[in-house]
Every structure is written in C-alpha cells, then in structure tokens.
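Engineer: Pasting a structure here, questions to come.
The values are calculated or read from the model by the stated rules, or taken from the named source; none is laboratory data. Being a predicted model, the structure only gives us computed values, none of them experimental. Cβ: placed from backbone, ideal geometry, glycine included. Neighbour counts: every protein chain shown.
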Amino acid sequence: MTKAHEIWIGAYGAKNEIGITRLELLPDTGELIKTAEYGGIESPSFLRMNKAGNRLYAVSETDSYSTEDGQEEGGQLASFPIDEESRKLGPGQYHPTHGNHPCHLSFTPMEDWLAVSNYSGASVMMYPIGPDSRPLAPAIRFRHTGTGPNADRQEAPHPHSVFFSPDGQFLYVVDLGMDKVMVYGRGPESYEWSAHDAVSLEPGAGPRHLAIHPSGKNAYVVNELNSTVTRLSIEEPGKLVRQESLSTLPSSYGEESWCAEILVSPDGRFVYASNRGHDSIAIFQVNEQTGELQASGYVSTRGKYPRNFALTPDGEWLVAANQNSDSVVLFRIEPQSGLPVYAGVELAISKPVCVLIRKC
C-alpha cells in the first residue's frame, strides 16, 4: 500500500473557529480524509512545516492580538509541535511579527532562518531558528517604501510573499504594492542580511507569489492585479532579470479576476497558476531549453475564489482550496498534458486559504 500524503489546510476565521485542518490523501484509492481539526488561532492563512515534520508554523493574519496587558498591534507567528506518532498538534508558541496582516512565511533550505511578510505592515521579519526548531526573537526587519499606479491596491508597499534561493543565500520578497521583487543577501556573519538587488515588474501588475524552476535558471511570478505570469531569468546568484509575461486567462474572458498562487511541477515540465474570478487553474508548458512558457489550458476548480493549491511531491495529485465556496477539491494530474483532472472528491472546510502537503 502506498503511503498516505499528509495535508494541512489553513483557513480564515475567528479564534474560536476551526483554523487548521489535517487531511490524509490515500493514493491507492483517491480518498481524501479529514483526520483532525484545530481552533485557538485567528486566521492561520499560511502554513509551513520543517523537514523533520515535527513542527508546524502559521501566520495569524491580523492587525491586532490579545495579550495579558491588553491589545497589541500587528499579527503573530505561531509554531506548534507535532507528535511523531499521532501527528497531533501540541500547544503553540507565539511571536509578534511587528507588522499588520502577516500573510506568508518561508524557511532557508538549511532551516536556520524563517522569514515572514507583513502585507499591511510594509515589512519583512526574519527569525533565527533554535536547535529545537522553534523561532527565536526576530533579529532582522526590512522595511519597504514605494507605491504603484493602482490607487486602491498599491497605495503603499505590500510584501505579499517571501522565498529563499535554493542555496539559502538570497531572500526574494514579492511586493504587490511596489511592483517589485526585492532581493536581500546573506552576509559573512551569521546575523547579517542586507539589500542586494531588485527587479521591477510591469506597472500595476501587482506581483504576489513566486516559484523557482528546479533547474535554478528561471523563476516565475504570478501577478494578482493584471492576471499574468512573468518569467524572470536568474542570470547569476541573486540576480533576477525580467523577461516575457503571459496572461493566465482565456482571451474570451472579460470579467474581473485576480491571480493567487503559482507552482512549478516537481519535474519542471509545467507551471500552474490560480485565478480568482475565473475560478480556475491555468496550466503552462515549460520550454526545456529556454524556460519560456506556453499556455496549454484552464481547469475549473469547481468552487469560488481558489486562493491556494498544492501539488503532492510526486506531482500526481493537486489539492485546491476554494475560499468563497468553503471547499477543498482533489484533482489527479494527467501525466502527459499536465492537466488537473477532477478526482470526484470534495471536502467542506470553512474559508480555506492555504494547502500544505508534507514532503516525506
């Protein structure tokens, strides 16, 4: 029997509502089973897990939180121990993110640093990681300045996501408000990080998330506001160069839509991006020599506002979270075309906004 895939769902909601749900995907039967639900944390909208699989990390996407002394401004970073046998979450440890609405987090490959982006706080916090995999007090803060032409959405910087380079030497911060990907580099000292470079996207594009190709030669940015994917060539370590952009929507579609997530398939043959409004996942084929993309189809997520999705490590399954229709939907990836095919499985989960699939 093939080992089950462990899946964690983060959701929007109040502290007394279900915020984190654990699922298991049984590849032999295509079953998706709900195994545990957890409350006690407000709006855990993005999740990560360490390589050992014994600690789950979540942002609490708020603009204030309660303490013994009253209300504090900003959001929080939570980390939960995971029991090795039962896979149950233990009590969480919380750190302030020193900025409003933290919405994304990422580890260095060596798991010695964890970065958090504060969407409404115009900042990124970096936490050193202790020997027990728990975040320590934040040591570094990067603040952004700048705006874009969209007065409603780009009135200020909005760091939307953070990603480390495969060698762990550079941090890429995708800022929707500035239309830029900011690059920070690691210095020779253990606690030294500083500004290294930046690449500008099309004005008004609203870059949101980024995915790096397994070859390390290209990265792909999904742009929320103009529904495009932009290829960035990696010319040298820490140096991103803007290349062509493609629409994530069919040419016949004329209504409003906003992109959310982007992923590269484990074998590097396909890129996937989600559309909220068109309510679909766009599929692109990757040119093996150049890394350029070619649109190859669109698949309905069978729900409304697909904010996030994830692929299993073997690239055989895709799980999509439809935020506005309260559903998580399972797809099987057709190996030749790369198209997600509905697997006939949907689970009801309130306001799901993040899908994390553990890499065993």
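Engineer: Of everything in region 137-152, what is part of a loop (DSSP other than H, G, I, E, B) and surrounded by fewer than 17 Cβ atoms within 10 Å (Cβ to Cβ)? Give them in sequence order.
Structural biologist: If the condition is that a residue be part of a loop (DSSP other than H, G, I, E, B) and surrounded by fewer than 17 Cβ atoms within 10 Å (Cβ to Cβ), then Ala137, Ala139, Thr145, Gly146, Thr147, Pro149, Ala151, Asp152 are the ones that fit.
Engineer: Only strands (runs of 3 or more DSSP E) wholly contained in region 296-360 count here; list those with 3 or more residues that are farther than 20 Å from Leu210 by Cα.
Structural biologist: Where strands (runs of 3 or more DSSP E) fall fully within region 296-360 and carry at least 3 residues being farther than 20 Å from Leu210 by Cα, they are 327-333, 340-348.
Engineer: Separate question: Only one of these is exposed (fewer than 14 other Cβ atoms within 10 Å of the Cβ), modelled with pLDDT of 95 or more and either more than 19 Å from the chain's Cα centre (by Cα) or among the β-branched types (Val, Ile, Thr) (or both): Gly130, Gly90, Gly70. Name it.
Structural biologist: Result of the check over Gly130, Gly90, Gly70: Gly90.
Engineer: Looking at (1) more than 20 Å from the chain's Cα centre (by Cα); (2) touching a residue at least 24 places away in the same chain (Cβ under 8 Å); (3) closer than 19 Å to Lys180 by Cβ, which one does Ala151 not meet, given that it meets all the others?
Structural biologist: (2)
Engineer: Looking at (1) touching a residue at least 24 places away in the same chain (Cβ under 8 Å); (2) in contact with a Pro (Cβ under 6 Å, 6 or more places away or on another chain); (3) farther than 18 Å from Val345 by Cβ, find the lone condition where Gly90 falls short.
Structural biologist: Single failed check for Gly90: (1).
Engineer: Could you tell me whether region 9-16 includes any residue that is under 21 Å from the mean Cα position of the chain (by Cα), closer than 23 Å to Tyr191 by Cβ and not acidic (Asp, Glu)?
Structural biologist: No, the conditions are met nowhere in region 9-16.
Engineer: Hey, among the residues in region 177-226 that are of a type in the set (Phe, Trp, Tyr) and outside any loop (DSSP other than H, G, I, E, B), which one's nearest to Ile140 (Cα to Cα)?
Structural biologist: Trp193
Engineer: Within region 233-243, does at least one residue satisfy the condition of being without any contact (Cβ under 8 Å) to a residue 60 or more places away in the chain, among the small types (Gly, Ala, Ser), in a loop (DSSP other than H, G, I, E, B) and surrounded by fewer than 22 Cβ atoms within 10 Å (Cβ to Cβ)?
Structural biologist: Within region 233-243, none of the residues are without any contact (Cβ under 8 Å) to a residue 60 or more places away in the chain, among the small types (Gly, Ala, Ser), in a loop (DSSP other than H, G, I, E, B) and surrounded by fewer than 22 Cβ atoms within 10 Å (Cβ to Cβ).
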